[in-house]
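The values are calculated or read from the model by the stated rules, or taken from the named source; none is laboratory data. On a predicted model such as this, the values are computed, not experimentally measured, just so you know. Neighbour counts are summed over all protein chains in view; Cβ atoms, including those assigned to glycine, are modelled from backbone coordinates with ideal geometry. Keep in mind that these areas ignore ligands, DNA and RNA; they rest on the heavy atoms of the full protein, side chains included. Shrake-Rupley method; radii C 1.70, N 1.55, O 1.52, S 1.80 Å.
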Amino acid sequence: MKELLLFIGIFVLAGCQSARIHIVAPSFDKQQKQQLAQHFADQNLKVNFAQGVLAPSEFNEASITMSPTFADFKLLGLVKDALRSAGYYKVDELRFAQQQQFYYEGHIGVYLLLPKEQRLPLYVESEDCTPYRTLMLTPEGRWQLDDFVSKPLAGTWRRQGERVVLTSDSGVDTHLHYERTTRITYQGERPAHVLKALPGTQGAFKCTFVAINMN
């Protein structure tokens, strides 16, 4: 949580002279952001979409974050109205402070994330590849593939249902199938995330990538 508050502090200090409402929505594309901004505009509110702010994995689908002493309840009500019109009917209210207030009065954060059961793990590792590979998928939509031999590959990712599309920085698309399943471990059968190359996949992604939940 300390690291989360640090990110929040840096973000709000940098933005406190501009928009009062700061949105973290790492899975939204340009069109979705425009539509969401319009819902806020209908309430006469301007928003700023955060870049590079980590979305806490423990947050639910929709959260409003603010200072512990935040008291602009009219603004809070308008934000909730905008979110309801966008389809978010259950919104958590979270107040943060650590030595100093990171969200100042008049500034609030809105975190809009995928439902927890749809979120991809941060790291998956290959189970049938030589050399061994790891695939990192950041909440901000970036990926990086490492085999610790060659130069890492990187690009952007997006999810389309059970398919994850990885677009390299050179513009090449790779499609992987995503599923929740289980794997047998020393603790018995445990939940697992699996990303598997679709037929016809070539090169470094012709693998099965797995992340096992051992918690």
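The accessible area of residue 169, taken with all protein chains in place and a 1.4 Å probe, comes to roughly 110 Å². Using the Cβ of residue 111 as centre and a radius below 12 Å, the other residues enclosed give a net charge of -4, where K and R count +1 and D and E count -1.
Rounded to the nearest 10 square angstrom, residue 162 shows an accessible area of 120 square angstrom against a 1.4 Å probe.
Across the stretch 108-215, the relative contact order, built from alpha-carbon pairs under 8 Å that are at least six residues apart, equals 21 percent.
Greater than 19 Å separation of Cα atoms is the criterion. Which listed pairs, 46/80; 151/206; 30/90, meet it?
Values: 46/80 14 Å; 151/206 17 Å; 30/90 24 Å.
From the list (46/80; 151/206; 30/90), the Cα-Cα distance tops 19 Å for 30/90.
Over the stretch 74-215, the hull volume per residue, using the convex hull of the C-alpha atoms, is 193 Å³.
Ordering 111, 89, 132, 123 by how much accessible area each has at a 1.4 Å probe, largest first, what is the list?
Numbers: 111 0, 89 175, 132 100, 123 125 Å².
Putting 111, 89, 132, 123 in descending order of accessible area: 89, 123, 132, 111.
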